[in-house]
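In what follows, a structure is listed as structure tokens, so that the remarks can point back to it.
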Amino acid sequence: MQQADIVIIGAGHAGYQLVKEIRKITASRSILLLCADSGDYYSKPLLSNGFSKGKTAQALVQKTAAEMATEYQIQLQTHCVVESIDTEQKLLQTRLGQVSYQQLVLATGASALTPQLPTAALAISQPINDLADYQRFLQRCEGKKDICILGAGLVGIEYANDLVNAGFQVSVIALEQQPLAQLMPAPLGDKLAQALMQLGVTFYWGNPITDAQASGEHCILTLADGRTLSTELILSAIGLKPNTELAKKSALVCGKGIRVDQYLRSSNADIYAIGDCAEICQHVLMYITPINLSAKALAATLCGQPTQLQLPAMPVLVKSPALPIVSCQNRQPDHTEWHISGEGMDWQALWFDQQQKLQAFALTGKMVGQRMRLIKQMTDLLPAAG
């Protein structure tokens, strides 16, 4: 039976970042990292601009699992699926045997939502949520020219920009009426849409796919308003859902994600959660900056220095070369209350609460240079608890 002081389930960015932070503090505590895949270390954000750069999946690997294990002096078990947690005995049951832990960290990430599509469309659809997905989609792209993207959120827009720059004919189908609808008001979204359309991206707003028929190498999609389009491949980018199944089986309290307090501690005192799977004081934050800050705080806690996570206002920089975009939100704004100004492709949108405190902003073009000035006006997203 394998055992370690700290067992981490998941070798994505959150899991590995936590390992790095722990090793900054101590080399004496034993760490075992369990992952269901190859465990190779790579930057997930780089997936959405890899096509235009001609990157293979292997080229995006920064270090292999074996190299990470050696560098950080950890045990690492790849292709190891954890089936259950015995919280009383502090035992994990995996497909490769039992594992004993003193402290357990769930870094199980999130899974792509499955779109509701007709059979012919579903057959040519897939998400890109990890390195294996990226390689699979890259292979499916060979010899193809027409790609359709479902969703115009952050991931969908970044892939649309990257794939059109890589030479593909790109269309985007979204239920919303603008790109990045959760991050900015319509006037700024319209500017981004214009910039992408100038590159050749075609948008279909507000209508789901109601029918799909295979036609040779193509698939003819019919939308709810009767419009049709032809595509050879569909990239699904409709969102992610935190992986909470293992936590729920173990009777841990879950909401949108695995619910944790400001110490990232779950409803079980010896089990913590971090990254895309975690719901931190009602926030699910699937971005690199909060994960890095979470790893630093949790590492200290696991090493005997209980440390609350504090999160400042954190901007989201969209990888959209067609038009630079930055968005920052402490709260989800009422989209009728934005204060919008600008000209050309350079726009600013500010959202204030009833106390006239800045709680959100969005910037396009040259206005992105104002982000640090605006961030200083905002309160912390997650301040220290009293």
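Just so you know, all these numbers are worked out from the coordinates, no wet-lab data involved. Because the structure is a prediction, the values reported are computed rather than measured. Heads up, the Cβs are rebuilt from the backbone with ideal geometry, glycines too, and the neighbour counts pull from every protein chain shown.
General remarks:
- For segment 114-236: Kirkwood Rh in Å [reciprocal of mean 1/r, alpha carbons]: 14.5 Å
- Relative intensity, log₁₀ I(q)/I(0), of segment 220-369 from a Debye sum that treats every alpha carbon as a point, q = 0.11, 0.12, 0.16, 0.17 Å⁻¹: -0.65, -0.74, -1.02, -1.06
- Packing-based order for 326-333, 373-380, using average beta carbon neighbours within 10 Å, highest first: 326-333, 373-380
- 3J(HN,Hα) along segment 287-297: 9, 5, 4, x, 5, 4, 5, 5, 4, 5, 5 Hz, from the Karplus curve 6.51 cos²θ - 1.76 cosθ + 1.60 with θ = phi - 60°, whole Hz, x for Gly and Pro.
- Using the average count of surrounding beta-carbon atoms within 10 Å as a protection proxy, the listed peptides 135-143, 354-362, 9-17, 227-235 rank, highest first, as 9-17, 227-235, 354-362, 135-143.
- Shape metrics for segment 167-231, restricted to C-alpha atoms - Rg then Dmax, Å: 13.2, 40
- In the chain, the longest principal axis of the Cα atoms and the axis of helix 13-25 are about 40 degrees apart.
- Restricting the calculation to alpha carbons of the chain gives Rg and Dmax of 22.0, 65 angstrom.
- Extension gain for Q310 to C281 (0.36 nm times residue separation, less C-alpha to C-alpha distance): 9.3 nm.
- Order by protection proxy (mean Cβ within 10 Å, highest first), peptides 306-313, 81-88: 306-313, 81-88
- Annotation: extensible slack from E343 through K376 equals 9.5 nm (criterion: 0.36 nm per residue apart, minus Cα-Cα distance).
- Options G12, I85, I173, ranked by Cα towards positive dipole end of the chain, top entry (Cβ charges): G12
- Dipole of the chain, positive end: most advanced residue of G344, L240, L302 [Cβ charges, Cα centre]: L302
- Per-residue 3J(HN,Hα) values for segment 195-211, derived from phi via the Karplus relation 6.51 cos²θ - 1.76 cosθ + 1.60 with θ = phi - 60°, read 5, 6, 5, 5, 7, x, 6, 10, 10, 10, 9, x, 9, x, 7, 10, 8 Hz in sequence order (x marks Gly and Pro).
- W347, W205, W338 arranged by Cβ crowding within 10 Å, fewest neighbours leading: W205, W338, W347
- Set of segment 244-261 residues, backbone N closer than 19 Å to the point 7 Å along the Cα-Cβ line of D86: 246-252
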